[in-house]
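Each remark here refers to the structure printed beneath this line.
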Amino acid sequence: MVNENLGAICNAHVVHADLSEYGALDEKCLKLAELAALAVDFPKTGKDVIMPSQLKPKLYPDFMGKEEFKSYKSTIILGKLYRQVKDAYNEDVAASSELASLTGRIPYDRDLEIPGSTTFIAEAWNSRCIHDRQLIGLLGQYNVNREEEVVTGHIWSMPKNSSKKQGELKERLKHAYSAMRKESGKFSSIWTRILINLQRMKRISCTNRKRRHGTSRPDHMARASSGKGLKRELDKLGGLEIEKSYLALLDYG
């Protein structure tokens, strides 16, 4: 049970603090702070709090993300930061169309590759495409423009509905994205363990060579070269058809 005026009181506090040279110490802000404290206690006291009409703002600072006809340009640091971030976002959108022509010239560090990982590129790309389709679906369902908004939780492109309805939509989007990340995380952790096993297999391969020169113990090599750990990880992938890749990896080295 929440006092329905609490949100309006808090928003008004932000507006009057932005307009006053005294900030949150302005007389109007102090009055609104008292009302907010009473509104928070409403579930315990049952005392309803009414927003004074003279304190209701008609315009809001631009950093609050209201419609343009309800907003004014804030001169405090929050307004300046908001506009800098917004301008950077718009520049990024404009620049993104140029990325396609640049990708062929972007330096690629091959030291990041793990020997043997190329075997899984097709499946990894497939999982990336699945993730992208799910993400695009979420963006379309909730009318959000950019992935960054969903990831950070700072959603500014969603159509302006009533604050209550918009809050509910943002909460649903948050839960939907968390569920998607959780599912993707399971898959990513499996691939991470597979790549770790690939590194182990590389070390095993080197040890095999040493063994042929009589520098390693045979009992250790018999246990290490079985490849059972990798097979267990591959089995966890379920329907992914990479058994041939696994067989090829057993011959690695």
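Taking into account only those residues within the stretch 1-18 that are within 23 Å of residue 76 (Cα to Cα) and without any contact (Cβ under 8 Å) to a residue 40 or more places away in the chain, which is nearest to the chain's Cα centre (by Cα)?
To start, the set of residues in the stretch 1-18 that are within 23 Å of residue 76 (Cα to Cα) comprises 7-18.
When the remaining residues are screened for being without any contact (Cβ under 8 Å) to a residue 40 or more places away in the chain, the result is 10, 13, 17.
On the way: 10: 27, 13: 30, 17: 31 Å.
So the residue we want is 10.
I'd like the full set of residues that are loosely packed, with under 14 Cβ neighbours inside 10 Å and in a loop (DSSP other than H, G, I, E, B), limited to the stretch 60-75.
Restricting attention to the stretch 60-75, the residues satisfying the condition of being loosely packed, with under 14 Cβ neighbours inside 10 Å are 67-70, 73, 75.
Scanning the stretch 60-75 gives 67, 73, 75.
What pairs come out if I take residues in the stretch 64-75 that are within 19 Å of residue 154 (Cα to Cα) and pair them with residues that are of a type in the set (A, V, I, L, M) and surrounded by 15 or more Cβ atoms within 10 Å (Cβ to Cβ) whose C-beta lies under 7 Å away, six or more apart or interchain?
Sorted first by the residue in the stretch 64-75, then by its partner, the pairs are 64/14.
Of 28, 44, which residue is basic (Lys, Arg), in a helix (DSSP H, G or I) and surrounded by 13 or more Cβ atoms within 10 Å (Cβ to Cβ)? Quick ask: steps written out before the conclusion?
Working: 44 fails: surrounded by 13 or more Cβ atoms within 10 Å (Cβ to Cβ).
The conditions single out 28.
Just to check your reading of the model, which residue among 8, 17, 37, 33 is touching a Cys at 6+ places or on another chain (Cβ under 8 Å) and either surrounded by fewer than 17 Cβ atoms within 10 Å (Cβ to Cβ) or in a helix (DSSP H, G or I) (or both)? Walk me through it before giving the result.
Working: 8 fails: touching a Cys at 6+ places or on another chain (Cβ under 8 Å); 37 fails: touching a Cys at 6+ places or on another chain (Cβ under 8 Å); 33 fails: touching a Cys at 6+ places or on another chain (Cβ under 8 Å).
Among 8, 17, 37, 33, only 17 is touching a Cys at 6+ places or on another chain (Cβ under 8 Å) and either surrounded by fewer than 17 Cβ atoms within 10 Å (Cβ to Cβ) or in a helix (DSSP H, G or I) (or both).
Assess whether residue 137 counts as being at pLDDT 80 or above and in a helix (DSSP H, G or I). Before the answer, list the steps.
Values: at pLDDT 80 or above: yes; in a helix (DSSP H, G or I): yes.
Against the criterion (at pLDDT 80 or above and in a helix (DSSP H, G or I)), residue 137 qualifies.
Please go through the stretch 1-44 and pick out each residue that is of a type in the set (Val, Ile, Thr) and at pLDDT 85 or above. Let's see the steps before the verdict.
The first filter runs over the stretch 1-44 and keeps only residues of a type in the set (Val, Ile, Thr), leaving 2, 9, 14-15, 40.
Selection gives 9, 14, 15, 40.
Limited to the stretch 47-56, what total is found for residues that are outside any helix (DSSP H, G or I) and touching a residue at least 24 places away in the same chain (Cβ under 8 Å)?
Restricting attention to the stretch 47-56, the residues satisfying the condition of being outside any helix (DSSP H, G or I) are 47-52, 56.
Filter again for touching a residue at least 24 places away in the same chain (Cβ under 8 Å), leaving 48-51, 56.
So the answer is 5.
The values are calculated or read from the model by the stated rules, or taken from the named source; none is laboratory data. None of these values were measured; they are calculated from a predicted model. Cβ sites come from the backbone with ideal geometry, for glycine too, and all protein chains shown count toward neighbours.
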